[in-house]
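Please read the structure below before turning to the comments.
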Amino acid sequence: MYTAFLNKALILGIALCAISFTSFGQSNDAQYSIDELITKKFSSVDSLNKFFRPYQRDTVSIKTFIAKAGANDYLIGESYGNNTLGVFFRDRSKYNKAILYHKRSLSLANALDNDELRVSALNMLGVVYRRMDAVRSALDNHQLALSIAEKSNDKTYAILKNTTISHNSIGNIYLTLKQYDRAEEQFKKALVYEEQLESKLGLAINYHNIGYAYEARGVFDEALTNYFKSLHYNREINSNLGIMICDNSIAQIYLKQGNPEKALELITPTLSVAEEMEDNFYIAMANVNKGWALTELKRYKEAETYLSKGLQVSKDNNLQSFIATSYQQLSHLYEVQGNYKSALDYNKQFQEQEEKFLNESNQQYISDLLIKYEAEKQQSQIDLLEKENQIMNMRLGQNNKIFLFTLALLLMALALVFILYRQFKLRNERRLLRMEQKLLRSQMNPHFIFNSLLSIKLYMLNNDKDSAIAYLDQFSKLVRTILSTSLEKEISLAEELDTMKLYVNIENIRLCNEIDYKVHVANDLDLENIKIPSLTLQPFIENALWHGLSPKDGYKSLELDVSRKNDSYVQISITDNGIGRERTMEIVSEKRNTQKKSIGINLTKERLTNFSKNFTNTHALSIIDLYDDGKIPSGTQVQLNLPVK
């Protein structure tokens, strides 16, 4: 019904750049004083980000750092400090001051020929221009930053992070110009880098912006899915700013779906958060959104108050796109009240304001710049191919002596490779031996032995000699089996199943014989000719017994199914009807005792990987959570597909 907020999608992208310069590379390492930072003279942006974080909102400390850096000829620190001060003023809507400091940072970065500082300063300048709705200047700076980052040979964390910032910012500019396909393409490129960097902040931002690309096309379900992903990551990193923005975005979907009550419930708390941040950009956003929701609820007087405040804050801070949005919502407010003259006046102002963003010259400029950028990339590829061709011609012109010399070097290299291969093979064999020893220790851990002997002792104290003898007999058989099979790299599947039967019987006695253990083997399988690393199944069965079934009340079952998946694989399934992994993790977290579990399963995975190297196909391991019809956890299933000859 309404044109979407022109720069709503920019909000979270701007949030990225508002904190990215000082947030990536965060650490809990010891803090340094300003004087110590000057003395250490860190040469990378990553290090400065790590240790300068406590001062990023303290202008006195930042200016002191800049002055001392200049006095000590520490130009990297001086450039970094100016960029940080620019971010501070930008977040308080003092854009002219922000531009001044970012340009100082850029000038120093150019003098140093430092790519990290240069792309950071360019991206921060681009963000300021985006807030001022200077589309061309914003795009120029972000595009230049992206070009420098892509050409940089040293792909540091700072370079990669600024690459994502550039893609994100360019995508937001495309959103402003309603070029949603191009915008989504940029956000997905940024998302790849954020996943590589494991940046929850970056993931939050790009999922939000992808959500907006769907919202702009009217695909509200997909939009909400991505908004909630963004909200999840913002909550994980405890970002009040990100949570505020996501709440407003989700609220706007609810408004478009005709649910203003739910929208207002989300929007109202964000007003106080925005005012506490003292950022007029977000104050304007929250007021306009609340005015919109109140209009839909027919609380017209309150709606006019909030929309007017949003308009005034936008005008005072030259927030052009929010001015347009305020006009649009005021037009709608007067229309539903029957005041068509005022509605028409505001709609005309909205159309005039929106035209500033969507005029033909801006669109053409974006297209021309994109073509120019692609042409530069193609030319770079051509230049690279020409250089490679020159190198090939030089190689072809070498004389016979160089050929013989190369051949001699090749023979030496082959000999060296053979020696290294032999050393690698020996090291690998030693690693496998240590791994087998670790596995044996994990299966024969003192805790298991102690509990087994304690059970025998209890039988004897209770004068139940028959049970004690039976238990001791099974325990001795299991120990003997484990010791003998641990000496073999591979055993038959039949031997493995027999060993697991012994193990389950012993553990079941300790569990008062509550476990109903069943083994199903397909008739077309020859278990004696199917090989498997010894004690492969034990860690999974142990987890099922003690983490899945032991805490459960009522009937407890454990089933082991062996079948032929196809000619290349045999499938082994271990299924329990226990409490499920989610509840198990809660219990384990409370006890803080996951070391035994992780050692056994991780060793088994390594052994399976080495075992599969002898086959054309590799193994596959999956752990599946089971649920009943009411979506309540009803157990866990481990599926192991082993290659067979």
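The values are calculated or read from the model by the stated rules, or taken from the named source; none is laboratory data. The structure displayed is predicted, hence computed values, not measured ones. FYI the Cβ positions are ideal-geometry reconstructions off the backbone, even for glycines, and counts take in every protein chain you see.
Selection of helices (runs of 4 or more DSSP H) fully inside the stretch 456-560 by the criterion of at least 3 residues being polar (S, T, N, Q) returns 465-485, 493-510.
Filtering the stretch 217-253 to residues that are touching a residue at least 24 places away in the same chain (Cβ under 8 Å), within 19 Å of I283 (Cα to Cα) and not aliphatic (A, V, I, L, M) leaves S239, N240, G242, C246, N248, S249, Q252. Looking for something modelled with pLDDT of 85 or more, crowded, with 24+ Cβ neighbours inside 10 Å and touching an Asp or Glu at 6+ places or on another chain (Cβ under 9 Å) - is there at least one such residue anywhere in the stretch 152-160? Within the stretch 152-160, one or more residues are modelled with pLDDT of 85 or more, crowded, with 24+ Cβ neighbours inside 10 Å and touching an Asp or Glu at 6+ places or on another chain (Cβ under 9 Å). Can you find even one residue in the stretch 522-542 that is charged (D, E, K, R), more than 18 Å from I491 (Cα to Cα) and under 34 Å from the mean Cα position of the chain (by Cα)? Yes: the stretch 522-542 contains one or more residues that are charged (D, E, K, R), more than 18 Å from I491 (Cα to Cα) and under 34 Å from the mean Cα position of the chain (by Cα).
Residues are listed down the side, and each one gets a yes or a no for (1) more than 25 Å from L177 (Cβ to Cβ); (2) surrounded by fewer than 18 Cβ atoms within 10 Å (Cβ to Cβ):
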| position | (1), (2) |
| --- | --- |
| D279 | no, no |
| K315 | no, yes |
| N318 | no, yes |
| S326 | no, no |
| Y334 | yes, no |
| K348 | no, yes |
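Looking across the stretch 21-43, just one residue is touching a Ser or Thr at 6+ places or on another chain (Cβ under 7 Å) and modelled with pLDDT of 85 or more, and that is I34. Of the listed requirements (1) part of a helix (DSSP H, G or I); (2) at pLDDT below 90; (3) not aliphatic (A, V, I, L, M), Y227 misses just one: (2).
For every residue, the table says whether it meets (1) touching a residue at least 40 places away in the same chain (Cβ under 8 Å); (2) part of a helix (DSSP H, G or I); (3) touching a strand residue (DSSP E or B) at 6+ places or on another chain (Cβ under 9 Å); (4) among the small types (G, A, S).
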site	(1), (2), (3), (4)
N153	no, no, no, no
I173	yes, yes, no, no
E184	no, yes, no, no
K189	no, yes, no, no
L203	no, yes, no, no
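There is at least one residue in the stretch 601-619 that is touching a helix residue (DSSP H, G or I) at 6+ places or on another chain (Cβ under 8 Å), more than 18 Å from I491 (Cα to Cα) and modelled with pLDDT under 85. Being surrounded by fewer than 24 Cβ atoms within 10 Å (Cβ to Cβ), touching a residue at least 60 places away in the same chain (Cβ under 8 Å) and not polar (S, T, N, Q) is a description that applies to V135.
Sub-6 Å Cβ pairs linking a first residue in the stretch 565-582 that is on the phi < 0 side of the Ramachandran plot and part of a loop (DSSP other than H, G, I, E, B) to a second residue that is surrounded by 14 or more Cβ atoms within 10 Å (Cβ to Cβ) and of a type in the set (K, R), at least 6 apart or interchain, are G578/K552; I579/K552, ordered by first then second residue.
Here the condition is being more than 25 Å from N162 (Cα to Cα), assigned by TED's automatic domain parsing to the domain that holds Q320 and surrounded by 18 or more Cβ atoms within 10 Å (Cβ to Cβ); of A263, A223, it holds for A263 alone. The numbered conditions (1) touching a Leu at 6+ places or on another chain (Cβ under 9 Å); (2) in a loop (DSSP other than H, G, I, E, B) are all true for E304 except (2).
The one condition from (1) without any contact (Cβ under 8 Å) to a residue 40 or more places away in the chain; (2) under 24 Å from I243 (Cα atoms); (3) crowded, with 20+ Cβ neighbours inside 10 Å that H142 does not meet is (2). For the stretch 101-151, a residue qualifies if it is within 26 Å of the chain's Cα centre (by Cα) and of a type in the set (G, A, S), and the qualifying residues are S120, A121, G126, A145, S147, A149. Out of A145, A111, A121, I need the residue that is in contact with a His (Cβ under 8 Å, 6 or more places away or on another chain) and either hydrophobic (A, V, I, L, M, F, W, C) or assigned to a helix (DSSP H, G or I) (or both). Which one? Step by step, each of A145, A111, A121 is checked, and only A121 is in contact with a His (Cβ under 8 Å, 6 or more places away or on another chain) and either hydrophobic (A, V, I, L, M, F, W, C) or assigned to a helix (DSSP H, G or I) (or both).
The residues listed here are S442, S476, S467; of these, the one that is in the same structural domain as S534 (by TED's automatic domain parsing), at pLDDT 70 or above and surrounded by 13 or more Cβ atoms within 10 Å (Cβ to Cβ) is S467.
In the stretch 53-63 there is no residue matching the filter, namely being over 29 Å from the mean Cα position of the chain (by Cα), of a type outside the set (D, E, K, R), outside any helix (DSSP H, G or I) and within 30 Å of V313 (Cα to Cα).
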